[in-house]
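For reference, the structure is listed below as structure tokens.
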Amino acid sequence: MVDVRHEATAVFAADATARLTGIPGVAAVTAGPGVTNTLTALKNAQMAQSPVVLLGGAAPTALRGRGALQDMDQMALLRSVVKWSAAARRVRDLAPMLHTAFEQAQSGVPGPVFVECPIDLLYAEPVVRNLYGAQSGGRSLAGRLLQAYLRWHVNRLFAGVPANPVQAPRPIAPALPSAERVAAAAAALQKAQRPVILIGSQALRTPNQAADLAGALTAIGAPVYLSGMARGLLGRDHALHLRHKRREALKEADLVLLAGVPCDFRLDYGNQISRRARFISVNRSRDELARNRRPEIGIQADPGVFLRQLAAHKFDGERWTPWLAQLQARDRERNAEIAVQAETPTASINPLHLCREINAALGPESIIVADGGDFVATASYIVQPPGPLTWLDPGPFGTLGVGAGFALAAKLCRPAAEVWLLYGDGAAGFSLMEFDTLVRHQAPVIAVIGNDGGWTQIAREQVEMLHSDVATVLAQTDYHRVVEGLGAVGLRLDDPELAAETLAQARQVAATRPVLVNALLGKTDFRKGSISM
Ligand SMILES: Cc1ncc(C[n+]2csc(CCOP(=O)(O)OP(=O)(O)O)c2C)c(N)n1
Ligand SMILES: [Mg+2]
């Protein structure tokens, strides 16, 4: 049980817990405003296909719609942002509904679920009898009728609860690909000259199979790009792992295999895949398989299982050596460009330089959480997650504010890991108060704010197109002093020469206490012209 300061944080933390462990995360919030405060985080979990169980309170069953405190139609509001929901109306509903909730969250395409639990189902029977007894009054006929009704109501609330309502959870098996489909994909891949495999979050739904999955990709031997929760899967220096110029690779490829990757904005709705290429897609979701670009071989199954079965076929990796070498050369070229850009002096600290220093400071156990715009997008090109499931970002909903909840969960799930929370200064404003939570629950994370004094991702396009920076400018505020007030340690960094030293100091502090480095940034053109739509 971890109590936080904002309900969104609770859901973000439950989401990250689910992603890192494969076990659904649970958040419990109060009725009304507690539930409405979770909406954005639930939608974020839905888009990330993350199994979260939200338990929400609700007004007492007999007082719904009568002006009760925090009363509202929660079911109507949540329906579109959860995969499944149910409203308990009797105590005996609770256990089977929770059972179904956990199954629904994990089966097929995973996602968040909601169980509404009115408060009179959560207290002991005598307390509830007393509560309703005290509400009704008088010896008049109306008063006695009301009392009789309420007695009947409470009897009904508590009736028929089995002595042992809790059953063991049933195992949930993912959809398996058929052997013929795997063979068809293998045959296509064996014939390809320039294959590219893209791996997305879905392939990592079963975290304890990450090592096997990495082994499978090595055995297949084709070039691989990793996205979402798959980032870090192959460690830092795997020969098959490409990090840059994906668009070019997709244009030139003669076979593209998407494993748990939808054709959404990140692939320009499928347009990045050459029309001449053979196109295979594996996805748990039938909708995602068909969206925007229909694959030649479409397989509705768990992509991780598919890849492991694919690896049982024989592939001649040598055949792809020249193609791989070409992609690797482009990767090296891009890294060299970045290294040059990182050494260009700017005011305060060049963000590329800071990202390179962060990358150098990471240990093999580090987990990176990304919450922001321009700065964290820059970091995603430079900071390399060291291993499987060591990179957490919001996912395709792109919600600012996931930072503290994700970092909290990461540190509590993996206490031995160093958790690096990379914040934009705008994004940090959504969850800085949760440093109170990090301090109270002894979750010593290392936060770094890339403090460019503004909502830079927005400013980049707005200033260019509308010639005004209105509403994109922030002050380069002393955020390090804010967290000090909450019991964490704050460090200010404005000199590039001191970056390595300050990060080393932060790591030392984080052995025992949460720490925040407020890094004052200058401007670069690194992401000029980037627009996401
Ligand atoms: C909750 C939410 N509000 C707004 C946005 C739109 N948005 C995306 S990036 C961005 C700017 C973020 O600023 P900051 O965190 O300082 O990062 P920077 O771009 O300056 O590096 C905004 C407002 C969003 N994705 N989520
Ligand atoms: Mg900013």
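Can you tell me which residues in the range 227-243 are closer than 18 Å to Gln326 by Cα and either within 22 Å of the chain's Cα centre (by Cα) or not in a loop (DSSP other than H, G, I, E, B) (or both)?
Selection gives His241, Leu242, Arg243.
Got a sec? Which of Ala101, Ala88 is of a type in the set (A, V, I, L, M) and out of contact with any helix residue (DSSP H, G or I) (no Cβ under 6 Å at 6 or more places or on another chain)?
Ala101
For the range 51-122, which strands (runs of 3 or more DSSP E) that fit wholly inside it have 2 or more residues that are within 19 Å of the chain's Cα centre (by Cα) and under 22 Å from Ala8 (Cβ atoms)?
Ranges flagged: 52-58, 113-118.
Taking Thr456 as meeting all but one of (1) of a type in the set (Ser, Thr, Tyr); (2) over 25 Å from Ala500 (Cα atoms); (3) over 18 Å from the mean Cα position of the chain (by Cα), write down the number of the exception.
(2)
Could you give every pair whose Cβ atoms fall below 8 Å, whose first residue belongs to the range 439-455 and is in contact (Cβ under 8 Å) with a residue 24 or more places away in the chain and within 16 Å of ligand 1 (Cβ to nearest atom), and whose second residue is part of a loop (DSSP other than H, G, I, E, B) and among the β-branched types (Val, Ile, Thr), counting only separations of at least 6 or pairs across chains?
Matching pairs, first to second residue: Asn451/Thr477; Gly454/Thr472; Trp455/Thr472.
Taking the options Phe435, Phe406, Phe430, name whichever one is within 16 Å of ligand 2 (Cβ to nearest atom) and surrounded by 21 or more Cβ atoms within 10 Å (Cβ to Cβ).
Result: Phe430 is the single residue among Phe435, Phe406, Phe430 that is within 16 Å of ligand 2 (Cβ to nearest atom) and surrounded by 21 or more Cβ atoms within 10 Å (Cβ to Cβ).
How many of the residues making up the range 493-524 are out of contact with any helix residue (DSSP H, G or I) (no Cβ under 7 Å at 6 or more places or on another chain) and under 14 Å from Asp425 (Cβ atoms)?
4
Would you check if Ala134 is more than 30 Å from Leu20 (Cα to Cα), open to solvent by 50 Å² or more (accessible area, probe 1.4 Å) and at pLDDT below 95?
yes
Those residues that are more than 12 Å from ligand 1 (Cβ to nearest atom) and over 7 Å from Leu422 (Cβ atoms), I need them from the range 365-375; list them, please.
Those that are more than 12 Å from ligand 1 (Cβ to nearest atom) and over 7 Å from Leu422 (Cβ atoms): Glu365, Ser366, Ile367.
What do you reckon, is Ala488 in contact (Cβ under 8 Å) with a residue 12 or more places away in the chain and more than 16 Å from ligand 1 (Cβ to nearest atom)?
It is true that Ala488 is in contact (Cβ under 8 Å) with a residue 12 or more places away in the chain and more than 16 Å from ligand 1 (Cβ to nearest atom).
So is Pro385 touching a residue at least 24 places away in the same chain (Cβ under 8 Å), more than 16 Å from ligand 2 (Cβ to nearest atom) and over 17 Å from Pro351 (Cβ atoms) or not?
Considered against the rule, which asks whether it is touching a residue at least 24 places away in the same chain (Cβ under 8 Å), more than 16 Å from ligand 2 (Cβ to nearest atom) and over 17 Å from Pro351 (Cβ atoms), Pro385 comes out as yes.
Please specify each residue of the range 304-320 satisfying the condition of being crowded, with 16+ Cβ neighbours inside 10 Å and not in a helix (DSSP H, G or I).
Ala311, Phe315
Find the residue count for the range 278-303, including only residues that are closer than 19 Å to Leu189 by Cβ and assigned to a helix (DSSP H, G or I).
2
Please enumerate the residues belonging to the range 45-88 that are open to solvent by 70 Å² or more (accessible area, probe 1.4 Å) and of a type in the set (S, T, N, Q).
Hit for the range 45-88 is Ser80, nothing else.
When you go through Val166, Val161 one by one, which is the residue that is open to solvent by 70 Å² or more (accessible area, probe 1.4 Å), assigned to a loop (DSSP other than H, G, I, E, B) and among the β-branched types (Val, Ile, Thr)?
Val166
Taking only the range 376-400 into account, find how many residues are within 12 Å of ligand 1 (Cβ to nearest atom), open to solvent by less than 10 Å² (accessible area, probe 1.4 Å) and not hydroxyl-bearing (Ser, Thr, Tyr).
Matching residues across the range 376-400 total 1.
Return yes when Pro207 is under 27 Å from Arg266 (Cβ atoms), out of contact with any His (no Cβ under 8 Å at 6 or more places or on another chain) and surrounded by 13 or more Cβ atoms within 10 Å (Cβ to Cβ) and no when it is not.
For Pro207, the condition - under 27 Å from Arg266 (Cβ atoms), out of contact with any His (no Cβ under 8 Å at 6 or more places or on another chain) and surrounded by 13 or more Cβ atoms within 10 Å (Cβ to Cβ) - is met.
Consider Asp494 carefully, then state whether it is touching a residue at least 12 places away in the same chain (Cβ under 8 Å), closer than 30 Å to Gln442 by Cα and among the acidic types (Asp, Glu).
The answer is yes for Asp494.
Do any residues in the range 166-183 that are at negative phi have Cβ atoms under 6 Å from those of residues that are open to solvent by 60 Å² or more (accessible area, probe 1.4 Å) and not in a loop (DSSP other than H, G, I, E, B), where the two are at least six apart or on different chains, and which pairs are they?
Here the result reads Val182/Gln309, each pair linking the range 166-183 to a residue that is open to solvent by 60 Å² or more (accessible area, probe 1.4 Å) and not in a loop (DSSP other than H, G, I, E, B).
For the range 441-526, please list each of the strands (runs of 3 or more DSSP E) lying entirely inside it that holds at least 1 residues being of a type in the set (S, T, N, Q) and buried (at least 22 other Cβ atoms within 10 Å of the Cβ).
446-451, 515-520
Taking only the range 5-29 into account, find how many residues are over 23 Å from Asp302 (Cα atoms), in contact (Cβ under 8 Å) with a residue 60 or more places away in the chain and open to solvent by 40 Å² or more (accessible area, probe 1.4 Å).
2
Of the numbered conditions (1) within 16 Å of ligand 2 (Cβ to nearest atom); (2) open to solvent by less than 60 Å² (accessible area, probe 1.4 Å); (3) under 15 Å from Gly372 (Cβ atoms), Trp420 fails exactly one; give the number of that condition.
Among (1) within 16 Å of ligand 2 (Cβ to nearest atom); (2) open to solvent by less than 60 Å² (accessible area, probe 1.4 Å); (3) under 15 Å from Gly372 (Cβ atoms), Trp420 violates only (1).
So which of Val91, Val128, Val154 is at pLDDT 95 or above, open to solvent by less than 60 Å² (accessible area, probe 1.4 Å) and in contact with an Asp or Glu (Cβ under 6 Å, 6 or more places away or on another chain)?
Only one candidate qualifies: Val128.
Given the options Leu327, Leu362, name the one that is farther than 27 Å from Thr472 by Cα, of a type outside the set (Asp, Glu) and open to solvent by 10 Å² or more (accessible area, probe 1.4 Å).
Leu362
The values are calculated or read from the model by the stated rules, or taken from the named source; none is laboratory data. Please read all numbers here as calculations on a predicted model, not as lab measurements. Cβ atoms come from the backbone with ideal geometry, glycine included; neighbour counts cover every protein chain shown. With ligands, DNA and RNA removed, areas are computed over all heavy atoms of the protein, side chains included. Shrake-Rupley method; radii C 1.70, N 1.55, O 1.52, S 1.80 Å.
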